[in-house]
1. Inside 10 Å of the C-beta atoms of E:91-98, what's the mean count of C-beta atoms belonging to other chains?
2. To the nearest Å, what is the center-to-center distance of segment D:33-79 and segment D:82-156, using C-alpha atoms only?
3. Could you pull the copy-to-copy label distances for E:ARG214, with points set 7 Å along Cα to Cβ, in nm to one decimal and sorted shortest first?
4. In debye, nearest 20, what is the charge dipole magnitude of chain A about its Cα centre with +1 on Lys and Arg Cβ and -1 on Asp and Glu Cβ, if you could check?
5. Explain nothing, just compute: Karplus ³J(HN,Hα) = 6.51 cos²θ - 1.76 cosθ + 1.60, θ = phi - 60°, for every residue of segment B:36-41 in order, whole Hz, x for Gly and Pro.
6. What are the distances, in nm and sorted shortest first, from the label point of C:PRO17 to the label points of the same position in each other copy, with each label point placed 7 Å from Cα along the Cα-to-Cβ direction?
7. Summing +1 for each Lys or Arg and -1 for each Asp or Glu, what net charge is found among the other residues whose Cβ lies under 15 Å from the Cβ of F:GLY223?
8. Within chain E, which complete DSSP H helices have Cα atoms spanning at least 20 Å along the helix axis and a mean Kyte-Doolittle hydropathy of 0.0 or higher?
6 protein chains.
Amino acid sequence: MNVLLRPSGRAPDQLRPVSFQRHYTRHAEGSVLVSFGDTRVLCTASIEDRIPPWLRGKGEGWVTAEYGMLPRATGTRTAREATRGGQGGRTMEIQRLIGRSLRACVNRQALGERVITLDCDVIQADGGTRTAAITGAYVALVDAVHVLMRREHLKRNPIVGAVAAVSVGIYKGTPVLDLDYAEDVDCDTDMNVVMNDGGGFIEVQGTAEGHAFRRDELDALLGLAEKGVAELVAAQRAALEA
Amino acid sequence: MNVLLRPSGRAPDQLRPVSFQRHYTRHAEGSVLVSFGDTRVLCTASIEDRIPPWLRGKGEGWVTAEYGMLPRATGTRTAREATRGGQGGRTMEIQRLIGRSLRACVNRQALGERVITLDCDVIQADGGTRTAAITGAYVALVDAVHVLMRREHLKRNPIVGAVAAVSVGIYKGTPVLDLDYAEDVDCDTDMNVVMNDGGGFIEVQGTAEGHAFRRDELDALLGLAEKGVAELVAAQRAALEA
Amino acid sequence: MNVLLRPSGRAPDQLRPVSFQRHYTRHAEGSVLVSFGDTRVLCTASIEDRIPPWLRGKGEGWVTAEYGMLPRATGTRTAREATRGGQGGRTMEIQRLIGRSLRACVNRQALGERVITLDCDVIQADGGTRTAAITGAYVALVDAVHVLMRREHLKRNPIVGAVAAVSVGIYKGTPVLDLDYAEDVDCDTDMNVVMNDGGGFIEVQGTAEGHAFRRDELDALLGLAEKGVAELVAAQRAALEA
Amino acid sequence: MNVLLRPSGRAPDQLRPVSFQRHYTRHAEGSVLVSFGDTRVLCTASIEDRIPPWLRGKGEGWVTAEYGMLPRATGTRTAREATRGGQGGRTMEIQRLIGRSLRACVNRQALGERVITLDCDVIQADGGTRTAAITGAYVALVDAVHVLMRREHLKRNPIVGAVAAVSVGIYKGTPVLDLDYAEDVDCDTDMNVVMNDGGGFIEVQGTAEGHAFRRDELDALLGLAEKGVAELVAAQRAALEA
Amino acid sequence: MNVLLRPSGRAPDQLRPVSFQRHYTRHAEGSVLVSFGDTRVLCTASIEDRIPPWLRGKGEGWVTAEYGMLPRATGTRTAREATRGGQGGRTMEIQRLIGRSLRACVNRQALGERVITLDCDVIQADGGTRTAAITGAYVALVDAVHVLMRREHLKRNPIVGAVAAVSVGIYKGTPVLDLDYAEDVDCDTDMNVVMNDGGGFIEVQGTAEGHAFRRDELDALLGLAEKGVAELVAAQRAALEA
Amino acid sequence: MNVLLRPSGRAPDQLRPVSFQRHYTRHAEGSVLVSFGDTRVLCTASIEDRIPPWLRGKGEGWVTAEYGMLPRATGTRTAREATRGGQGGRTMEIQRLIGRSLRACVNRQALGERVITLDCDVIQADGGTRTAAITGAYVALVDAVHVLMRREHLKRNPIVGAVAAVSVGIYKGTPVLDLDYAEDVDCDTDMNVVMNDGGGFIEVQGTAEGHAFRRDELDALLGLAEKGVAELVAAQRAALEA
């Protein structure tokens, strides 16, 4: 019965097929094409031996993120931000979220005075690009840190645990996990949840699109997110061990 | 004992003194100076008989928000965004949040083909400017709608319920309500919660600044927010009846 | 008879009620809400221990100004300059005028290597915002310098005399003092005059909006300005002694 | 004795040699290279059959101006405004002044629904570029209007009188006419005066660079300006009759 | 012997392995990942039923191109153009070249009043990104036109022949075909040649990086380009028939 | 017969009258008004004792160029780039070409750690502005270097040979030299060729506007360019010896 509910035929608590294609391009220290179903995001991690002005002399590193969307990642062409004179509000919101989320699993003292930039560029969009970006960027970040460790630039591993993200929402009255585009445009409530591998919450961003959500709905959504992130963390681990 | 916990001496579940100064300026259809303690935000509601391009011919109105901060609202001077070539990421994030929150209490069909712009300008900042802005903008919005109704431009009241917002966070291990600046810079977790007068959640935005927060902490924070918003809604009602 | 001339009922040589609300906000070293009738401008003076590149190594300080207008300070909403990609020509013209005017009463050697920025933000506009801004910014500047002197950062007072400004114009054929908005839109000639407390002229900016003005009209306008500025300087002094 | 005063050896009330080279370029309807000594400005007048949005349906025309400076018009190279992302405050201030000044001699009803744009580009700068620009732009404007009249696009001449401008200032204590760069950098007070051929004042913009100027100094400067503009108007007339 | 000349071991007149991956993404009407060795460019063709202002009422269509590079397509990270406030000179030069080149094979009358935008985004760079982009964009363009024809929006095929491009240069004194990055940074002369399938030249852009090139060197380079483009056109045809 | 072919009556291989007016303005170290018929470009060379960041510590200098067009250099007014928020693609393409071309005749080691900026501003346009700019900029560059040598800032002359440029194209089926505007808008193929005085090619940029050009047409155009540049180099030499 639930099979009939979702356009994709998924169960309410079922993720889309998730895959991580590591070493997707050759220049970046970490380079991962992550897929959540038809959503595909290229996440690269770039190491630079510089430090932002506000961290000078503190002996700490920094992790930051930028987000972009190729013009035809979407159903109709989206104008390039470079031709519109700058990044828009949505882009900035998303890349700030990605950066904060990944910094939550990095010991910046251990990273030392360098910057890792996570570029998340959407090649194809089908809903959930920011959660896919966070989940894929984690794998790219780990790969980049491994490069630093192989080169013996680090004394200890600055990565603390794992970080993954998933969207949840109320679609036609039912709480569902990992919304695709068809569900996203038609749902009442949309929440992005970023968690670590210990079950701790890093970010919770929920928005009522239609009616305001009740406390019990919020509880159900958080439960779905906990299940989804646990599965994503397992998938990250499998990809990194491959 | 808790009295000693917070720099301000407030109890963990205590709001700062809240006030609404209606008709603060004379040109805007709604104009409210809202204070949450030392945080003061001027919220104006402006009615314009135009409609954004994407709503043409739909018979609906729109509510949008802009947010700004006077250069010396803060402890050290902040450069004016107009001289930096545009609004930054934080500003866009906040004004998008204010706009979404207020649209949640407006029946856009009933509003008709007009735009109400809520300008929230921070005169003095002491933490919680975005939640004060949402809470004050609601009062300005109601005043502006009353102007429309007095002019008989509306058949029915497009305002559906009330909207208010408050921040909650974990400060030195204890969940507290309505963080001021001294608490904000020093807290582990910060969450902004927007709710309606029926206890429904409109936005939940929580960020772990230090350690990730556990599910039971999240539950406690949501409880505090429910209490705080209920008090804010009562204060809005009292101000509107004054 | 003259009572009938001006929309406000003022005599031709009569200022609007002028007030200065010092310490209007708490973070700025100087913070003054100045009112010229319904025109209200928040003037803050911020001290920064930096020096512009072109003054390095000269042992001098700098005084600069920025001007802004809240979107709904005006009868119809004005788009925020931060969303239009930068400050417009009128804004730049005004803030350059304010900066030049205030520098005329500052001994930059005595100020030492620091910058004082005067932010003049119009909360409510009813004509004469730039002259109100100059007159109020002077009071904020003096307050900020007192802070420096109390902190013993200055050997001697860098303030030399006082500066105030007023507009004059020819309204329906009669020279009048301190135009409000109703007069401003309807006047033939508009002149802003900045003077010091010794009766010296710092800036004279006159524009014929309708017919060119004769030399005798110019003389009458300058006379009115001399009277108005003398009264404004007295009001500044009273406010600073309060 | 006065001969020794000014670096150029001019008498205090003596203009620099002034010339107007009409038809300097071939595409523009009016094209005049004006020289005030070594200051050379190319003024072109371009006619366009369009009308700004705010004048639609009013049956009036518009006259506007733009000002620019070639990068090496000055002693050291000035960065091109097009590479700095836009026009600066000084440029906007000047072009707004030029536009206002020239509109003072145009009957916009008689001009009909068209725009004349006066481009004033400084080829070589030696002080007084804005007054040279106004004085030269008037000649270009008259030439452009003659083109319209020859083509029988106008029923009556929209030009009302003549407009010219000159700078005056107090140099080493003496009021002088038409400051060149050597005088400009070293003078106490600088005033730009725009007048018409009937002796009426259109703009008066005086700035005390050093000490504030007394009323009697102001009177002397205005007298010099009256003399200078009268000579410039005669030179314009001679050029137009050539 | 020549085998030793080139870092890649290629013969002087040998292309890198070339491939076209059609339907690489699912939203665009044409979507091709073109590879010239390690250079990989995603070329999408987007159809829009609009027409640029200057073509209104002419019954013609338009083909335009945009070019971008993902930040980590290169050996060291390149800042995103969207964060630098706009497209740089090199990007504009390249996308204008791509647009002109592709318009050379389109009958714009037959295309009708629509725009096809070719977005060429470099996923991985190893020299020759602009020639790979042109060659791949042609395949994407043909696919997009087939979509239009299948939907019966076109009466006749607007594609006239084929267009491909290749770089040639003088590397260590020898003319070579299709420079990779290692050759590009070290070559004396670099020429990009765009041709059609009839052997006609559409664009020739040659730059002497080191010494100026002689007429006989120019002749040799043009000969290599003719050979290379013929092979690329054959590869395009094979890909389109697959 | 050919005399009738070209609108100007020129023979196919005939340049327009070319002239160089040296010392056209007085501030720049080199200042040349170059005319190719009615195309007039002011080329100034400015010496600055600074070095771009990427050349620090290399002991080399740099030569760069900027290009602009006065708004009414053209038949209809072109909006000023400074008011459009920045330089457009065409401008950047042209100034990059001018810079590369002139660097080809400069020994940057011999120039020492300084920058020469070549500003090429079109006063009047009639086709071929970029080739006139390159040809005139060379003369300005030589004059500026002479200033350096007279001031004994250079040990040896950094100028190596001469550089000039000309356009060629196929006009009504016939290859012609040095296209003017009337020919340019109506020609099938347009090529700009930059060469040195030894007959070496520095840049070749050919674009088929109508039909693609055949190899034999390309050969004929290159031959015309060789003839034209030889004449331009002779004219440069004559001007520099005057």
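1. Whole-number average of other-chain Cβ neighbours for E:91-98 is 4.
2. If we compute the Cα centre of each part, the gap is 5 Å.
3. Label-point distances to the other copies, shortest first: 2.9, 8.3, 8.3, 8.6, 8.9 nm.
4. 820
5. For segment B:36-41, the Karplus-derived couplings read 10, x, 7, 7, 10, 10 Hz, x marking Gly and Pro.
6. 2.5, 6.4, 7.7, 7.7, 8.6
7. That sum, taken over residues with Cβ under 15 Å, equals -4.
8. Span-like helices in chain E: E:129-150, E:215-241.
Coordinate-derived values only; no laboratory data. All values derive from a computational prediction rather than experimental measurement. Methodologically, a virtual Cβ is constructed for each residue, glycine included, from the backbone with ideal geometry; neighbour enumeration extends over all protein chains shown.
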